[in-house]
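The values are calculated or read from the model by the stated rules, or taken from the named source; none is laboratory data. Keep in mind it's a predicted model, so treat the numbers as computed, not measured. Virtual Cβ from ideal backbone geometry, glycine too; neighbours counted across all protein chains shown.
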Amino acid sequence: RMLKYAAFALLVAMIGISEASMQNVTVKGIAICDKHRLPNIVVELWEKDTISKNDVLASTHTDAGGEFILRGGNSELFKIKPYIKIHHECKTSSNVNQTCTRKSKYDIPSEFIWNADTKGEDRKIYYMNYINLDIFTEGDKELCEKKK
Ligand SMILES: *[C@@H]1O[C@H](CO)[C@@H](O)[C@H](O)[C@H]1NC(C)=O
Ligand SMILES: *[C@@H]1O[C@H](CO)[C@@H](O)[C@H](O)[C@H]1NC(C)=O
């Protein structure tokens with residue numbers, strides 16, 4: 001049993017020593033719905049994990065002008081697969097009987113991931129500019145609750 005534990009500890013150490021590196025992204029955008037900017041909605045930076053559950057790397061709210069900036073990163077052996085998730089009420093099925101919210105996902109292209117030891121200007125920013133939430137994305141999910 002002790003041997004098994006030692007072997008496991010060694011494996012963990014080896015993984016730690018090999019290429020696991022801090023990988024970071026910065027994303028900027030402006031959330032819009034029906035040609036208007038959406039203030040105070042939740043925007044999260046996520047990382048798709050193939051083995052375990054997906055992780056939230058950062059979270060923020062849009063400002064009065066619908067703008068947000070998110071920075072985050074994670075130390076992983078393989079290249080991270082980051083995406084953003086916006087929680088909003090644009091074009092939902094809300095009516096007199098139910099309140100609905102949508103979650104829209106947008107992948108961050110891998111070219112915008114940089115290593116934590118990257119210097120100043122090489123730390124790329126992914127400018128999403130205007131994000132039109134009227135459009136349903138592939139990863140769009142709607143959740144409705146009955147009104148009391
Ligand atoms: C990279 O992301 C991690 C985790 O969010 C953070 O602690 C670290 O400061 C970031 N590095 C840089 C250079 O921004
Ligand atoms: C709301 O609920 C009432 C009562 O169940 C129903 O008659 C009505 O059609 C519903 N309205 C909508 C928009 O679904």
Selection count, the stretch 62-114, where residues are of a type outside the set (Lys, Arg), more than 16 Å from ligand 2 (Cβ to nearest atom) and more than 20 Å from residue 28 (Cβ to Cβ): 6
Pair list, Cβ under 8 Å, 6 or more apart: the stretch 69-83 residue among the aliphatic types (A, V, I, L, M) and at pLDDT below 95, other residue part of a loop (DSSP other than H, G, I, E, B) and within 12 Å of ligand 1 (Cβ to nearest atom): 80/113
Flag for residue 108 being within 16 Å of ligand 1 (Cβ to nearest atom) and within 28 Å of residue 36 (Cα to Cα): yes
Which numbered condition residue 144 misses (of (1) within 16 Å of ligand 2 (Cβ to nearest atom); (2) in a loop (DSSP other than H, G, I, E, B)): (2)
Inter-residue pairs, beta-carbon under 8 Å, first touching a residue at least 24 places away in the same chain (Cβ under 8 Å) and on the phi > 0 side of the Ramachandran plot and in the stretch 86-108, second assigned to a strand (DSSP E or B) and away from ligand 2 (no atom under 16 Å from the Cβ), 6+ apart: 91/33; 91/102
Test for residue 56: is it out of contact with any strand residue (DSSP E or B) (no Cβ under 7 Å at 6 or more places or on another chain) and either part of a loop (DSSP other than H, G, I, E, B) or loosely packed, with under 15 Cβ neighbours inside 10 Å (or both): no
Residue 135 being more than 16 Å from ligand 2 (Cβ to nearest atom), under 30 Å from residue 11 (Cα atoms) and hydrophobic (A, V, I, L, M, F, W, C): no
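Matching residues to (1) within 20 Å of residue 85 (Cα to Cα); (2) among the small types (Gly, Ala, Ser); (3) in contact with a Phe, Trp or Tyr (Cβ under 6 Å, 6 or more places away or on another chain):
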{"residue": "107", "(1), (2), (3)": "yes, no, yes"}
{"residue": "112", "(1), (2), (3)": "yes, no, yes"}
{"residue": "115", "(1), (2), (3)": "no, no, no"}
{"residue": "123", "(1), (2), (3)": "no, no, yes"}
{"residue": "130", "(1), (2), (3)": "yes, no, no"}
{"residue": "135", "(1), (2), (3)": "yes, no, no"}
{"residue": "141", "(1), (2), (3)": "yes, no, no"}
{"residue": "144", "(1), (2), (3)": "yes, no, no"}
Scan of the stretch 59-107 for residues that are crowded, with 19+ Cβ neighbours inside 10 Å and charged (D, E, K, R), ordered by number: 102
